[in-house]
Amino acid sequence: MLAISGGKPVRTKPWPSWPVYDEREMRALEETLKSRFWGGGVEESGPKEKEFEEKFSRFHGCNYGVCVSSGTEALHLALLSIGIGPGDEVIVPALTFWATGSAVLMTGGTLVIVDVNPESYCMSFEEAEKSVTSRTKAIIPVYNYGNSPDMDKLSEIAEKHGLALIEDCARAHGFMWRNKPAGSIGDIGCFSFQQGKLMTAGEGGIIITNNRLYAERCRALRTCGRIRGDDVYNVGIDYWWNWWNFRMTQFQAAILLVQLERLEEQTKTRQANSEYLSRRLSEIEGISPLKTDERLTRHQPWPYLFKYDSKCFGNIPVGRFVEALKAEGVPCGRIDHPPLSMTLTAHGPQSRIVRKPKYPVAEGAIWEAVTLPQSIFLGARGDMDDIVEAIVKIKTHLGEL
């Protein structure tokens with residue numbers, strides 16, 4: 001009997017908790033507390049912040065890092081640093097968190113939404129190239145669901161048309177494409193440290209780049225217009241207008257320094273478990289894990305996603321399937337956010353959003369996608385077997401649904 005019908009669930013023991021912390025975070029916070037330097041730096045980053053900027057950017061193959069208050073602001077300032085403003089078009093995928101689109105609108109630029117690849121649920125390079133116009137200035141590829149868009153093709157398109165490539169790496173800490181770190185492939189990489197991300201300090205973000213000018217512009221934009229040393233007139237921004245404060249605190253940076261120490265090992269664990277789960281789920285008719293491009297040499301799920309074919313499950317809707325899977329003790333959900341084509345196009349400034357007639361892949365995902373949180377992939381292989389057992393159990397007892 002299914003758990004949703006009153007039977008015993010497959011899983012009753014707890015899953016791995018998130019965030020992960022130990023005495024190292026406690027010591028780092030205490031050290032920062034005693035230092036009496038708690039806030040963000042003014043012209044320079046604070047001590048913990050500066051150390052984290054250097055270590056994180058180097059880990060991801062870049063020379064410069066600029067900490068900010070969120071991943072959303074990382075994207076916003078990155079776009080401003082390359083000069084995006086009114087009339088400029090920026091191409092983004094339909095299937096992404098709203099921040100990717102809203103960051104474009106915050107600059108005054110025009111948002112161009114394109115569909116995603118059906119195998120990866122990441123930006124379709126074919127749709128991206130078809131959307132390039134004389135007004136296009138940038139493309140924002142997004143790493144999503146443990147996957148990557150075709151960065152080779154998107155890099156070629158950007159170079160061919162003279163476009164900036166800003167990588168949305170909010171869910172791609174530690175990823176590598178052809179053994180090159182995510183965030184270092186394009187002009188700028190933007191990461192998030194929000195509560196549920198693969199590295200977290202509760203909130204926060206970072207901009208990484210190998211372009212010193214972009215880094216200095218972002219640093220000034222996040223710090224009330226202040227610019228280091230005598231560079232005030234050399235970074236190409238309106239010094240007197242950009243009075244914003246998007247700084248990170250030293251407490252956040254202290255936590256992130258310890259979180260960074262764990263990233264490589266956690267990535268290996270999540271990748272191994274997700275690849276094992278994908279192999280097992282592929283054996284179940286009607287369950288299709290997303291395909292991972294072989295060129296994505298290091299990755300981890302955020303979140304993990306598989307496609308559910310209701311026709312193979314007695315036409316049980318995906319929502320009912322998710323309810324049954326939760327009842328069996330497996331934390332899961334439907335797609336974690338509606339496509340931009342259904343949200344920002346309904347509520348955003350219509351004159352600055354370019355919408356295609358149809359988004360069959362992105363909008364179809366609503367009816368077939370099931371997600372699992374990244375934290376459960378920090379467990380053991382037996383935990384993955386529990387997920388498979390729960391799905392097989394549901395399929396065996398479809399009559400109860």
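The values are calculated or read from the model by the stated rules, or taken from the named source; none is laboratory data. None of these values were measured; they are calculated from a predicted model. Using ideal geometry, Cβ is built from the backbone for each residue, glycine included, and neighbour counts are taken over all protein chains shown.
Please indicate, with yes or no, whether at least one residue in region 340-355 is part of a helix (DSSP H, G or I), of a type in the set (D, E, K, R) and closer than 30 Å to Glu126 by Cα.
Here is the first cut: in region 340-355, the ones part of a helix (DSSP H, G or I) are 340-342, 344-347, 350-352.
Subsequent filtering for residues that are of a type in the set (D, E, K, R) retains 352.
Filter once more, so that each one left must be closer than 30 Å to Glu126 by Cα: 352.
The answer is yes, given that some residue of region 340-355 is part of a helix (DSSP H, G or I), of a type in the set (D, E, K, R) and closer than 30 Å to Glu126 by Cα.
Exactly one condition in (1) surrounded by fewer than 24 Cβ atoms within 10 Å (Cβ to Cβ); (2) aliphatic (A, V, I, L, M); (3) within 30 Å of Ser288 (Cβ to Cβ) is not met by Met106; state its number.
Result: Met106 passes all but (3).
Which one of these does Val232 not meet: (1) modelled with pLDDT of 95 or more; (2) not in a helix (DSSP H, G or I)?
So the condition that Val232 fails would be (1).
For Ala164, which of the numbered conditions (1) farther than 24 Å from Thr371 by Cα; (2) surrounded by 24 or more Cβ atoms within 10 Å (Cβ to Cβ) fails to hold?
Status for Ala164: all satisfied but (2).
Okay, residues lined up against (1) at pLDDT 95 or above; (2) out of contact with any Leu (no Cβ under 8 Å at 6 or more places or on another chain):
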{"position": "Thr269", "(1), (2)": "yes, no"}
{"position": "Leu281", "(1), (2)": "yes, yes"}
{"position": "Gly286", "(1), (2)": "yes, yes"}
{"position": "Pro289", "(1), (2)": "yes, no"}
{"position": "Thr297", "(1), (2)": "yes, yes"}
{"position": "Tyr308", "(1), (2)": "yes, yes"}
{"position": "Val318", "(1), (2)": "yes, yes"}
{"position": "Leu325", "(1), (2)": "yes, yes"}
{"position": "Ile335", "(1), (2)": "no, no"}
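How many residues, within region 169-206, are under 21 Å from Gly40 (Cα atoms) and in a loop (DSSP other than H, G, I, E, B)?
Matching residues across region 169-206 total 9.
Determine which single condition Lys307 fails, assuming it passes every other condition in (1) of a type in the set (Lys, Arg); (2) assigned to a strand (DSSP E or B); (3) free of Cβ contacts under 8 Å to residues at least 40 places away in the same chain.
All conditions are met except number (3).
Restricting to region 1-54, and then to whatever is assigned to a loop (DSSP other than H, G, I, E, B) and of a type in the set (S, T, N, Q), can you tell me which residue is nearest to Gly399 (Cα to Cα)?
Just the residues of region 1-54 that are assigned to a loop (DSSP other than H, G, I, E, B), to begin with: 1-2, 6-22, 36-46.
Subsequent filtering for residues that are of a type in the set (S, T, N, Q) retains 12, 17, 45.
Values: Thr12: 23, Ser17: 34, Ser45: 61 Å.
My answer is Thr12.
State yes or no: is Pro93 surrounded by 15 or more Cβ atoms within 10 Å (Cβ to Cβ), in contact with a strand residue (DSSP E or B) (Cβ under 9 Å, 6 or more places away or on another chain) and modelled with pLDDT of 95 or more?
yes
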